[in-house]
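Since every read-out is calculated from the coordinates, none of them should be taken as a lab result. Just so it is clear, the structure is predicted and the values come from calculations on it, not from any experiment. Cβ: placed from backbone, ideal geometry, glycine included. Neighbour counts: every protein chain shown.
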Amino acid sequence: MVDPADAEAVERQLGRPPRGLRAVAHRCPCGLPDVVETAARLDDGSPFPTLYYLTCPRAASAIGTLESSGLMKRMQERLAEEPALAEAYARAHADYVERRDKAAARDGLEPLPRDMQSAGGMPGRVKCLHALVGHELAVPGANPLGREALDALPDWWRDGPCVAAHDDPAAHDDPAAPGPTAPEESA
């Protein structure tokens, strides 16, 4: 079960209630969640392939900057040129699918089809660095391209929490706060 204060922080980060929230998968150095684990299927039964969902709007914005820099295209080219990287990325995909299947089983849900994408374009494409970084933060060492992107990011937490703590009265009323860059799926 997710602590209500964490669920509230995630809601403020996203600007809406999260869907399929199962657990906090990683905490930002500021102490707030920055990656959550989501259910493989939403309440209506629809598939939700993104197990590790990046919630911090500052991290998401910084990753969006990396995506627009052409980094994904270079990573995609390297997958074709570097067999060891392609193998490591395929292992990341297998890890992701295995963890997603186990989460579905714990929830008593039918796992998603095995041929369905995992996240971020894995195993053959680089489609969303948000998903790859989320995987790497949740499971350190699991995703080589997520690690590369994470290493290229600035310290997004440097200026303090992205949203106010749950006991801060200002936490609930900041309509000017920037929202996250949209990852491939909405938690």
Task: Glu87 versus Glu11: modelled label distance in nm, points set 7 Å from Cα along the beta carbon direction - done: 4.8
TODO: Under a 10 Å cutoff between Cα atoms, tell me which one of Leu145, Leu51, Leu132 has the largest fluctuation in the Gaussian network model of the chain.
DONE: Leu145
Open item on the list: If I model the chain as equal point scatterers sitting on the Cα atoms and use the Debye formula, what is log10 I(q)/I(0) at q = 0.15, 0.18, 0.19 Å⁻¹?
Closed with: -0.85, -1.19, -1.30
TODO: State, to one decimal in nm, how far the label point of Ala80 lies from the label point of Ser61, with both points 7 Å from Cα in the Cβ direction.
DONE: 3.5
- [ ] Which order do the peptides 29-41, 53-65 take when ranked by the mean count of other beta-carbon atoms within 10 Å per residue, highest first?
- [x] 53-65, 29-41
TODO: Show me 80-90, 114-124 ranked by packing, highest mean number of other Cβ atoms within 10 Å first.
DONE: 114-124, 80-90
Open item on the list: For a quick check, take a GNM of the chain with Cα springs below 10 Å and name the residue from Asp43, Asp95, Asp107 with the largest mean-square fluctuation.
Closed with: Asp43
TODO: Give, as a single signed number, the net charge of other residues whose beta carbon lies under 13 Å from the beta carbon of Glu82, with Lys and Arg counted +1 and Asp and Glu -1.
DONE: -2
